[in-house]
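Only the coordinates and a few stated rules stand behind these numbers; no lab work does. Since the structure is predicted, the reported quantities are computational estimates derived from the model, not experimental observations. Cβ placement follows ideal geometry from the backbone for every residue including glycine, while neighbour counts extend to all protein chains displayed.
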């Protein structure tokens, strides 16, 4: 949700810079890392036709519930869980999304991230204290919030109004549960909130987290005698090439799969489908560079990638340094390449093709 007017901020707060990207980009990155698809709702007339981290961009309405309803029209009908998140909470993590979604998958109609109130709360009228409330049992509600798709859609029927979607689900009798939020998951409301968010973002305890991804790829040898064998961006002269839609660089593909997996971005087929003629014969190192750009967009950077190539022949030892250098340059981190023989077992042992495994470690906030 990024369609608010930001009247208290004075300008579109979702477009303000926070670290090396926009406030909006941090929120999109967390959503992309946790969800199968992302719908971005932007202010009407903003001319935001596309965002690289969103699958669909739609214009919002005059009210927040109205904007949510417009966003819901773009969510696929077969989605079973829908998460709603405010772009103004850029420090939300993929783990918060996962916790809320898990609560819905285990039986709740909705789940909200929240933290118990630590401050004394008073009800005030005309600057006069009317009542001091018992803060026991009071929680400050955050986003992301997750809901069973049917429950959320039903709660919005008739165009009701509320300050958050959980209130609508509660109003129709749905069971909404609380999952542990994060006190650092602040909402950007006023300009002075930005330096606070910047400080939280740069803190050692908050900024460092790691993700691990595993990649695998296999290609048969091509019957085309003119096709080159390319592994790790290095052409092995005089060797049989591999069959594939692109240049069939199984090593680069495995590394890319591991990096995408660690970042929660799906697989290569999602980004570069083999049904798209645009990728026919593509240089896999170009694809790997594109993958790295998308990994960076969601707030992750590589620490290292470890690869194993399984093949009977040719020997990779003479080419290993070149492969590691080429891959490392494109990925921007150390890459190790190892090779092992299948000892005559199976299709690989019969030299019918080459398989590659990769493990990637990413570091982020």
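For the reader, a short list of remarks on this structure follows.
- Which of 161, 86 has the fewest Cβ neighbours within 10 Å, and the rest in rising order: 161, 86
- Our note on the geometry: Cα centres of the range 73-90 and the range 265-322, 30 Å apart.
- Anisotropy class of the range 1-67 from Cα gyration tensor, a/c 1.5 cut: oblate
- Residues 327, 24, sorted so that the one with the fewest Cβ neighbours within 10 Å comes first: 24, 327
- Potential lengthening of the chain between residue 190 and residue 126 amounts to 20.7 nm, from the contour at 0.36 nm per residue minus the alpha-carbon distance.
- Principal-axis tilt of helix 23-34 within the chain, Cα atoms, nearest 10 degrees: 60 degrees
- Overall, the anisotropy analysis places the range 13-207 in the rounded class: the square-rooted eigenvalues a ≥ b ≥ c of its C-alpha gyration tensor yield a/c less than 1.5.
- Listed from fewest to most Cβ neighbours within 10 Å, the set 46, 284 follows the order 46, 284.
- Full extension of the chain segment joining residue 210 with residue 243 gains 8.4 nm, where the gain is 0.36 nm per residue of separation less the Cα-Cα distance.
- To the nearest ten degrees, helix 284-297 and the longest principal axis of the Cα atoms of the chain are 20 degrees apart.
- The calculated 222 nm mean residue ellipticity attributable to helices in the chain amounts to -8500 deg cm²/dmol, summing -39500 (n - 2.57) over DSSP H runs of n ≥ 4 and dividing by all residues.
- The computed mean projected area of the Cα convex hull in nm² for the structure shown corresponds, within (i) 22.3; (ii) 17.8; (iii) 18.8, to (i).
- Computed E for residue 46/residue 224 - FRET, C-beta separation, R0 51 angstrom, nearest 0.05: 0.55
- 14 Å reach of a label modelled at residue 315, 7 Å along Cα-to-Cβ, counting backbone N of the range 323-362: 339-341
- 0 to 90° range, to nearest 10: angle between helix 320-331 axis and the chain longest Cα axis: 20 degrees
- Three-way shape label, the range 218-305, alpha-carbon gyration tensor, a/c 1.5: prolate
- Approximate spin-label separation residue 150-residue 62, in nm, with each point projected 7 Å along Cα-to-Cβ: 3.4 nm
- Using a simple spin-label model with pseudo-atoms 7 Å out from Cα toward Cβ, residue 163 and residue 336 lie 5.3 nm apart.
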